[in-house]
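Have a look at the structure below before the remarks.
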Amino acid sequence: MSTFNQIINEDQAVLIDFFATWCGPCKMMPPILDQVKKNLGSQLRILKIDVDKNPKVAEQYQVRGVPTLILFKAGKILWRQSGVQDASTLIQIVKQHL
């Protein structure tokens, strides 16, 4: 399995969803992320990171609230936002960075 650092350093855009199982708004994200994935297909990789199981990664990227979405490409943060985002907004943001 690829490590987190290997994944975010790929040339492919990677959208990370930092979430927690106890977080109500986080539970709204899976169907939204499914829509984004259906629309963008292989142009985007989506990875979910549970902040309670991966506190060091969350701390490294200063994730203070969940859900937090961070878009990476080639190891660089291209975009970051906390809170629930709708699918059309996410698709538009990712397309700007592809």
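The values are calculated or read from the model by the stated rules, or taken from the named source; none is laboratory data. All of these numbers come straight from a predicted model, not from anything done at the bench. Here the Cβ positions follow ideal geometry from the backbone for every residue, glycine too, while neighbour counts run over all protein chains shown.
Yes or no: Asp86 under 11 Å from the mean Cα position of the chain (by Cα), at pLDDT 95 or above and not polar (S, T, N, Q)?
On the way: under 11 Å from the mean Cα position of the chain (by Cα): no; at pLDDT 95 or above: yes; not polar (S, T, N, Q): yes.
The answer is no for Asp86.
Entry remark, the range 5-19: residues being surrounded by fewer than 17 Cβ atoms within 10 Å (Cβ to Cβ) and not β-branched (Val, Ile, Thr) number 6 in total. Filter the range 10-42 down to residues that are under 15 Å from Lys73 (Cβ atoms), within 14 Å of the chain's Cα centre (by Cα) and in a loop (DSSP other than H, G, I, E, B), then give me how many there are. Final tally of qualifying residues: 1.
Residues being under 20 Å from Thr21 (Cα atoms), among the hydrophobic types (A, V, I, L, M, F, W, C) and assigned to a strand (DSSP E or B): count how many of those fall in the range 43-98. So the count comes out to 5.
Filtered by the rule that a residue be of a type in the set (Gly, Ala, Ser) and either exposed (fewer than 12 other Cβ atoms within 10 Å of the Cβ) or within 14 Å of Val14 (Cα to Cα) (or both), the range 67-98 gives Ala74, Gly75, Gly83. Among the residues of the range 38-62, the ones that are under 15 Å from Asp86 (Cβ atoms) and crowded, with 17+ Cβ neighbours inside 10 Å come to 1 in all.
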